[in-house]
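S.K.: Dropping the structure in here first, questions after.
None of the figures in this text is laboratory data; all of them are computed from the coordinates on show. If you're wondering where the values come from, they're calculated on a predicted model, not measured in any experiment. Methodologically, a virtual Cβ is constructed for each residue, glycine included, from the backbone with ideal geometry; neighbour enumeration extends over all protein chains shown.
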């Protein structure tokens, strides 16, 4: 049985998220409005499948919502050019660390970024 791999993915968000979400705005004080608003996540699924889960408000069998409210409301599409170069991770912990690092890197580049 193949080992589970964890992937980083990036979703472009509508810029409305910056004006409508106080928590998003507070998380991105460096944002100047030039570049896009993004969501960075990690998943054991294909990024396309995970994006669909976000947009539909997916809940698991126990009824827990596994989608991000921000992506559900403001998510536009995947941005593969921002994550295709990142190899999958063997552990979820390594992927979570990378998710945080990529979030900070994209903020330094001038994007407004949300991750969980």
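S.K.: Take the Cα coordinates of region 1-63, assign each an equal point scatterer, and use the Debye formula without solvent to give log10 I(q)/I(0) at q = 0.16 Å⁻¹.
M.R.: Here log10 of I(q) over I(0) equals -0.69.
S.K.: What does the extension gain come out to for residue 35 and residue 58, with contour length at 0.36 nm per residue minus their alpha carbon separation? Before the final figure, lay out the partial values.
M.R.: On the way: separation 23, 0.36 × 23 = 8.28 nm, distance 2.88 nm.
Full-extension gain reported as 5.4 nm.
S.K.: Name the most mobile residue of 57, 41, 75, meaning the one with the largest mean-square fluctuation, in a Gaussian network model of the chain with Cα contacts below 10 Å.
M.R.: Fluctuation is largest for 57.
S.K.: Helix-only mean residue ellipticity at 222 nm, the chain, DSSP H runs n ≥ 4 weighted -39,500 (n - 2.57), per residue, nearest 500. What is it? Don't skip to the answer; put the middle values down first.
M.R.: On the way: 5 runs with 44 residues, N = 116.
Taking each H run of at least 4 residues, the total per residue is -10500 deg cm²/dmol.
S.K.: Given that just one value was derived from the coordinates, which of [x] 20; [y] 30; [z] 65 is percent of Cα pairs over 25 Å apart?
M.R.: Computed from the coordinates, percent of Cα pairs over 25 Å apart corresponds to [x].
S.K.: May I pose another question? Run the numbers for residue 19 and residue 86: contour at 0.36 nm per residue of separation, minus the present Cα-Cα distance, in nm.
M.R.: Computed gain between residue 19 and residue 86 is 21.1 nm.
S.K.: Could you check the simple spin-label distance between residue 100 and residue 5, using points 7 Å along Cα→Cβ, in nm with one decimal?
M.R.: 2.5 nm
S.K.: Explain nothing, just the number: relative contact order of region 47-95, from Cα pairs under 8 Å at least 6 residues apart, as a whole percent.
M.R.: Taking the mean separation of contacting Cα pairs over the length of region 47-95, I get 28 percent.
S.K.: Here is a further query. With a cut-off of 8 Å between alpha carbons and a minimum separation of six or more residues, what is the relative contact order of the chain in percent?
M.R.: 42 percent
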